[in-house]
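Have a look at the structure below, then the notes.
The values are calculated or read from the model by the stated rules, or taken from the named source; none is laboratory data. Just so we're clear, the structure is a prediction, and the values are computed from it rather than from any experiment. Cβ placement follows ideal geometry from the backbone for every residue including glycine, while neighbour counts extend to all protein chains displayed. With ligands, DNA and RNA removed, areas are computed over all heavy atoms of the protein, side chains included. Shrake-Rupley method; radii C 1.70, N 1.55, O 1.52, S 1.80 Å.
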2 protein chains.
Amino acid sequence: MVDEKPVPSRKPRVDAQRNRVLLLETAKAAFADKGPGASLDEIARTAGVGAGTLYRHFPTRDALIEAVYRNETEQLVAAATQLAETHAPVGALREWLLLFVDYMAAKRGMQEALNSLVGGTSELYSASTEQMKRAIAQLLDRAAESGDIRSDLDGFDLLRALAGVANLGAGPDGMQAARRMVDILVAGMRTSAPSPE
Amino acid sequence: MVDEKPVPSRKPRVDAQRNRVLLLETAKAAFADKGPGASLDEIARTAGVGAGTLYRHFPTRDALIEAVYRNETEQLVAAATQLAETHAPVGALREWLLLFVDYMAAKRGMQEALNSLVGGTSELYSASTEQMKRAIAQLLDRAAESGDIRSDLDGFDLLRALAGVANLGAGPDGMQAARRMVDILVAGMRTSAPSPE
DNA sequence: TTTAAATACGGAGACACTCTCCGTTTATCA
DNA sequence: TGATAAACGGAGAGTGTCTCCGTATTTAAA
């Protein structure tokens, strides 16, 4: 799957760029306000553009959602590298998982939508998903190499688990629960953890 | 919250019962086939009844979903008591969590819908949710009393975590991942587990 | 500049889904 | 058997998604 960009033969049009930004801002507000099910046509209307324009820029709801949260996702991803440099392997992992919980919690009401970043829900194998996968893999590999944690599990599953907890537990206690879950997960992954039997 | 049944002054009509069953069967097939977003009108049409009839029996999508899976949920709940009687505390917990994973996995494609049984997504505080909560609480309390696991966590969060993993990991490897997650969770909950630092 | 080609725009409209309302039908029981 | 409570069905109003294509704007070449 080679990234075959169609070679831009000219400068992108300024109105197109303007509308794109306009749509992203409007969409962010709308999602925060009405949840992930906000009407796309209404977002277009509020942004002062036609429905066609919205769909041209963002063919699917997921594409729009991903674009809206791309920045914050990138910050989170960057933090992984940062933590890897400043913390011991398991500590870095734990800290990042806590950040991930915050990330999910900060978007309360948007969780269902954000699932598409952590789950196969979305049709497109989104770029953000890929980044997120790399971020957790980086931390996990490091901790596994140091021999502190078991190496037989996909880091992405950790995120799925945390997303599950953070998603469904409403209110501020949901975040507490997710934070507790981080410690349980980290403890359970350690090579020094008790075996199932 | 008293169960205030409206005192049936006559026998329930047979056609009503028949249609109810018909709808449940049709809905089960439809959900399995088209996912949780299957059109309710189409379910009604396929069942050979009017839309009004469907909505009279099941006012919301969630109500229908819950009804469809009530039986299986009840079996799962019953298994908790069973396991509690025949296994050591932690073993029973672990076994039941594995059953829960199977339960989720068996409904691949339906996961999003089933979330409403494990999450606050659904408006109604459904009876099945309540049962499920009791089932896990029962096992968890027992294991906590025996001193084997920490007592500061809500069992329902475990289910949320497992649901998260099982939901989003597509394919048969998703189930593998969820099974591994069970062991991590159980290990992490043990009082003998290593502390976060 | 002017102008042709490329690009983007907008919104009408086709289609799908949800859910309600109410006139009609059917089952129950006296 | 007849009265009536209970249930039925489906038309239709309201809302949403997404496409299509004639029109408008921008870019860059002349």
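Side notes on the structure shown:
- Test: A:VAL49 is modelled with pLDDT of 90 or more, surrounded by 12 or more Cβ atoms within 10 Å (Cβ to Cβ) and among the aliphatic types (A, V, I, L, M): yes
- Filter result (facing chain A (nearest Cβ under 8 Å) and not in a helix (DSSP H, G or I)) within region B:163-176: B:GLY169, B:ALA170
- Per-region count, region A:122-162, residues open to solvent by less than 60 Å² (accessible area, probe 1.4 Å), within 14 Å of chain B (Cβ to nearest Cβ) and modelled with pLDDT under 85: 4
- Cβ pairs under 7 Å, 6+ apart, first in region A:177-197 and facing chain B (nearest Cβ under 7 Å), second open to solvent by less than 50 Å² (accessible area, probe 1.4 Å) and among the basic types (Lys, Arg): A:VAL186/A:ARG94; A:PRO194/B:ARG190; A:PRO196/B:ARG94
- The residues of region A:68-95 that are of a type outside the set (D, E, K, R), under 12 Å from the mean Cα position of the chain (by Cα) and open to solvent by 20 Å² or more (accessible area, probe 1.4 Å), listed by number, are A:ASN71, A:GLN75, A:VAL77.
- Total residues in region A:27-44, condition charged (D, E, K, R) and within 7 Å of DNA strand D (Cβ to nearest atom): 2
- Region B:51-64 residues that are within 12 Å of B:ASP41 (Cα to Cα) and away from chain A (no Cβ under 14 Å), paired with ones that are near DNA strand C (Cβ under 7 Å from one of its atoms) and part of a helix (DSSP H, G or I) (beta carbon under 7 Å, 6 or more apart): B:ALA51/B:ASP41; B:LEU54/B:LEU40
- When we screen B:ASP33, B:ASP62 for residues that are at pLDDT below 90, surrounded by 15 or more Cβ atoms within 10 Å (Cβ to Cβ) and under 23 Å from B:LYS107 (Cα atoms), the only hit is B:ASP62.
- Residues of region A:173-192 that turn out to be open to solvent by 20 Å² or more (accessible area, probe 1.4 Å) and small (Gly, Ala, Ser), as a count: 1
- Of all the criteria given as (1) open to solvent by 60 Å² or more (accessible area, probe 1.4 Å); (2) over 22 Å from A:ARG18 (Cβ atoms), the one not satisfied by A:TYR55 is (2).
- Looking only at region B:1-17, and only at residues there that are within 7 Å of DNA strand D (Cβ to nearest atom) and open to solvent by 100 Å² or more (accessible area, probe 1.4 Å), the one that is modelled with the highest pLDDT: B:ARG13
- A:ASP141 being in a helix (DSSP H, G or I) and over 17 Å from A:PHE100 (Cα atoms): yes
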